[in-house]
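Enquirer: After the structure tokens below, expect a handful of questions from me.
The values are calculated or read from the model by the stated rules, or taken from the named source; none is laboratory data. Values in this document were obtained by computation on a predicted structure and should not be read as measured data. Cβ placement follows ideal geometry from the backbone for every residue including glycine, while neighbour counts extend to all protein chains displayed.
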Amino acid sequence: MPMIIPSPRTGIYPIIHENVFIAPNAVIIGDIKIKEGANIWFGAILRGDWGEILIGKNTSIQENVVIHSEQGKKVLIGSNCIIGHRATIHGPCEIGNGCLVGISSNVLHNSKMGDGSMLGAGAVLVNNEIPPRTLAVGIPAKIKKDLPKNNKFIGEQTSIEYVKNGFEFKKFFEQNSNLL
């Protein structure tokens, strides 16, 4: 079963909607709110012991993601986002709705991603902002190009598939509790 505990510092418990998939080896600590349809995959660590973390509806926090914040600060992640494998999110920072944070990338202090923006794989965003519907890449992350404005946000294009996959995994583990 996942480790879901209050913050030893503040005593605040995570608040998790009942329709969320959380992998058996995920760690969720403290002042964290996870909305309906979100999915927290294997090895993810969400540490709200120092600051608040909000995960929006239908957002996918993929394998080995680490999310944390400075004391008294917030990490805000919108709805329908994809936070790619091994990404690090360290607040204070804000990720808008429908964003995609690429594999092994970092969203760090005082950064903001506008709705529908994308941070490329391995990029580092720190003390900067990505406007809505733009792609940023590199270290430090720089704007590469505008994303199409005539379709869904980049994260929305696949977030619902991860919601469905999360529900399948949740059902599997409920039916096979002997594997936990």
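Enquirer: Return yes or no: is residue 50 buried (at least 17 other Cβ atoms within 10 Å of the Cβ) and at pLDDT below 95?
Expert: Yes.
Enquirer: Report those strands (runs of 3 or more DSSP E) wholly inside the range 84-177 carrying at least 1 residues which are buried (at least 18 other Cβ atoms within 10 Å of the Cβ).
Expert: Correct list: 88-91, 93-95, 111-113, 134-137.
Enquirer: Can you tell me which residues in the range 47-62 are touching a residue at least 24 places away in the same chain (Cβ under 8 Å) and of a type outside the set (Val, Ile, Thr)?
Expert: 48, 49, 50, 51, 56, 58, 60, 62
Enquirer: Moving on. Just to check your reading of the model, which residue among 137, 163 is within 24 Å of residue 31 (Cα to Cα) and of a type outside the set (Lys, Arg)?
Expert: The match here is 163.
Enquirer: Pairs needed: first member in the range 163-175, more than 12 Å from residue 59 (Cα to Cα); second member anywhere, of a type in the set (Val, Ile, Thr); C-beta distance under 9 Å; at least 6 residues apart or different chains.
Expert: Final answer for the pair search is 170/20; 170/22.
Enquirer: Starting from residues that are out of contact with any helix residue (DSSP H, G or I) (no Cβ under 6 Å at 6 or more places or on another chain) and among the small types (Gly, Ala, Ser), keep the ones in the range 76-98 and report whichever is nearest to residue 157 (Cα to Cα).
Expert: 79
Enquirer: Only residues that are surrounded by fewer than 19 Cβ atoms within 10 Å (Cβ to Cβ) and of a type in the set (Phe, Trp, Tyr): list them for the range 1-47, please.
Expert: Correct list: 13, 42.
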